[in-house]
Amino acid sequence: MLESYKEQFLYPKVQFIVISGEGKILASDDILFPFAEKENIADCHPFFESILPLMEPKEDALSFSCVHIGEKICDINCRTFKDKHPLITIHDLSEHYESLQTVAQKRNETLIESEILTLQNTYLKEKEAFKRTFIANFSHEIRNPLTGVFSFTEMLEKTSLSDEQFDLVEVIKSLCQDLNIMINDILDLSKIEVGKFVVNNEIFDFSELLHSTEFIYTTKARQKNLNFRMHVDKKLPKYIEGDKTRIKQILTNVIENAIKFTEKGDIDLHITLNHKRANKANIQFRITDTGIGIPKEAIHDIFTSFSQVHKDNKYPGTGLGLTIVKNLVTLMQGDISAESEPGRGTTISFNLKLRFPLHYKETARKEKVEKKVLFNTKKKYNILLVEDNKISQIIVLKILSSQGSFFLDIAENGTQAMERTEETRYDLILLDIRLPDVTGYELAPALRNHAEKKHAKTPIIALSGSMLGDGKQKYRKAGINDALQKPFQEQQLLQKLHKHLK
């Protein structure tokens with residue numbers, strides 16, 4: 001039985017050919033090729049014609065690799081002798097070379113795929129870096145005029161206005177706040193994408209947050225002739241440890257969305273304690289509306305950036321609200337889902353994994369009443385504003401001149417700032433982060449070390465249109481004491497000044 005297998009699979013792959021010195025075929029076993037039919041080896045294949053001149057009558061051996069003869073790939077050995085005819089040996093190595101070719105091809109394909117992947121990653125990194133830079137620049141540039149609108153409407157409110165004019169000013173302020181919210185949404189999303197978004201946990205009065213939410217949205221819903229109802233589980237803990245601001249942001253975005261797409265009927269907010277173990281609580285929030293609803297095939301698109309299911313101009317927006325909600329819920333180790341039926345409404349459900357203090361005594365808290373900052377007009381402060389934007393210069397000038405406590409110098413770039421600080425000692429420096437010739441991060445340490453370190457301890461407040469990536473550590477490293485984000489209101493600027501000049 002073994003012999004039958006050998007006969008079937010052990011087929012010879014070597015052919016022997018004896019030729020004369022002139023190339024005449026004297027003998028061939030024709031195992032691979034029918035060379036015996038030819039008179040001269042040169043007629044069998046052009047390869048043999050090329051090697052005949054090399055086959056001199058002496059003891060010698062020639063080897064040639066990877067020679068294509070017909071459909072076979074061969075290694076060829078040629079031996080010459082002093083007293084015998086030359087011998088040509090042909091080895092059929094087709095399978096070997098085809099295997100090597102397959103391996104080489106796969107390796108080349110792998111290398112090409114690796115290069116493509118590297119190029120794609122480089123492209124994506126460059127694209128992401130461009131996007132972050134663009135968003136930061138866009139935010140800064142758009143906040144300058146927005147600061148102007150905010151500030152001038154505040155100044156306009158202080159003038160003698162009719163009731164109609166005052167209402168129009170309030171509308172302008174409201175529109176500015178909407179625009180500011182959109183800018184913040186874009187920045188928040190960018191922070192989340194680059195991993196620079198931080199959740200700040202603190203103990204806060206959860207019941208107070210819910211009460212405030214109920215009051216605000218009962219009023220807002222009533223303005224559209226809608227009913228807003230809140231259903232709170234009595235088992236919920238009064239105090240929660242979590243990021244109060246972000247929880248409020250999540251609720252605000254979802255409820256605002258429900259009110260936006262509901263023309264008549266109700267919005268219900270259900271807050272339920274799923275379970276409570278040790279000092280951990282899993283809390284579910286469910287917001288149900290009777291609005292226009294979402295088609296089944298588009299339900300997942302509502303959590304996609306810049307995606308709007310309803311393209312009608314009746315419902316304007318950036319399409320970022322629910323995207324940020326999903327990211328915030330995920331950051332808090334929660335889940336979010338949506339159910340909807342066109343014409344019958346939508347339900348958004350999410351749960352948050354929060355902590356609550358086992359033993360917490362509420363300390364007496366003073367209600368925070370925003371008091372207007374008043375400066376002693378008998379004392380004058382020298383302020384340097386380093387800002388290239390004319391509108392921002394006018395705003396700061398108007399705000400400070402209304403107090404009667406400040407002398408203001410203005411520098412439009414880093415060079416002018418260095419000159420001003422050499423000539424005058426200032427009590428405080430307001431420094432725009434983006435200047436035409438230098439960044440605020442570079443200028444702040446230069447000002448502190450300039451002019452015999454005259455301003456080594458002078459408070460420096462950064463004015464920034466974008467807080468993306470502007471961490472406290474980065475400010476501290478540059479020698480900046482505080483920061484004020486544009487657009488800012490009059491009292492926000494005065495409070496910062498009061499804090500560092502008192």
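The values are calculated or read from the model by the stated rules, or taken from the named source; none is laboratory data. No experiment lies behind these values; they were computed from the predicted model shown. Neighbour counts run over all protein chains shown; Cβ positions are idealised from the backbone, glycine included. Heads up: the accessible areas ignore ligands, DNA and RNA and are worked out on the full protein's heavy atoms, side chains in. Shrake-Rupley method; radii C 1.70, N 1.55, O 1.52, S 1.80 Å.
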What's the number of the only condition in (1) surrounded by fewer than 18 Cβ atoms within 10 Å (Cβ to Cβ); (2) modelled with pLDDT of 90 or more that Gly471 fails to meet?
(2)
Only listed residue being of a type outside the set (Asp, Glu), within 15 Å of Lys248 (Cα to Cα), modelled with pLDDT under 85 and exposed (fewer than 15 other Cβ atoms within 10 Å of the Cβ), chosen from Val199, Val171:
Val199
Within the set of pairs 6 or more residues apart or between chains, which connect a residue that is at pLDDT 75 or above and in a loop (DSSP other than H, G, I, E, B) inside the range 361-389 to a residue that is of a type in the set (A, V, I, L, M, F, W, C) and open to solvent by less than 90 Å² (accessible area, probe 1.4 Å) with Cβ atoms less than 6 Å apart?
Asp388/Leu435
Any residue in the range 444-462 that's free of Cβ contacts under 8 Å to residues at least 12 places away in the same chain and within 17 Å of Asn413 (Cα to Cα): show its pairings with residues that are outside any helix (DSSP H, G or I) and open to solvent by less than 30 Å² (accessible area, probe 1.4 Å) at Cβ separation under 8 Å, as long as the two are six or more apart or on different chains.
none
Find the residue count for the range 271-294, including only residues that are open to solvent by less than 10 Å² (accessible area, probe 1.4 Å), aliphatic (A, V, I, L, M) and either under 31 Å from the mean Cα position of the chain (by Cα) or under 10 Å from Lys235 (Cβ atoms) (or both).
3
For the range 12-66 the number of residues that are of a type in the set (Val, Ile, Thr) and either assigned to a helix (DSSP H, G or I) or closer than 20 Å to His96 by Cβ (or both) is 4
Of the residues in the range 202-217, those that are of a type outside the set (Gly, Ala, Ser) and closer than 16 Å to Val254 by Cβ come to Leu209, Leu210, Thr213, Glu214, Ile216, Tyr217
Whether any residue in the range 412-426 is among the hydrophobic types (A, V, I, L, M, F, W, C), in contact with an Asp or Glu (Cβ under 9 Å, 6 or more places away or on another chain) and within 11 Å of Leu384 (Cα to Cα) is what I want to check.
no
Residue ID - surrounded by the most Cβ atoms within 10 Å (Cβ to Cβ), chosen from residues in the range 209-257 that are in contact (Cβ under 8 Å) with a residue 60 or more places away in the chain and in a loop (DSSP other than H, G, I, E, B)
Asp243
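Okay, residues lined up against (1) small (Gly, Ala, Ser); (2) farther than 26 Å from Asn327 by Cβ:
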| site | (1), (2) |
| --- | --- |
| Pro237 | no, no |
| Asn253 | no, no |
| Ala258 | yes, no |
| Lys264 | no, yes |
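Could you grab me the full set of residues in the range 83-107 that are surrounded by 13 or more Cβ atoms within 10 Å (Cβ to Cβ), outside any loop (DSSP other than H, G, I, E, B) and of a type outside the set (Gly, Ala, Ser)?
Passing the criteria: Leu87, Ile88, Thr89, Ile90, His91, Asp92, His96, Tyr97, Leu100.
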Looking at the structure I just gave you, is Ala451 open to solvent by 20 Å² or more (accessible area, probe 1.4 Å) and in a loop (DSSP other than H, G, I, E, B)?
yes
With the structure loaded, tell me whether Thr415 is modelled with pLDDT of 90 or more, farther than 27 Å from Glu141 by Cβ and surrounded by fewer than 21 Cβ atoms within 10 Å (Cβ to Cβ) or whether it fails that test.
no
Count of the range 381-411 residues which are under 22 Å from Val149 (Cβ atoms), in contact with a strand residue (DSSP E or B) (Cβ under 9 Å, 6 or more places away or on another chain) and open to solvent by 30 Å² or more (accessible area, probe 1.4 Å)
6
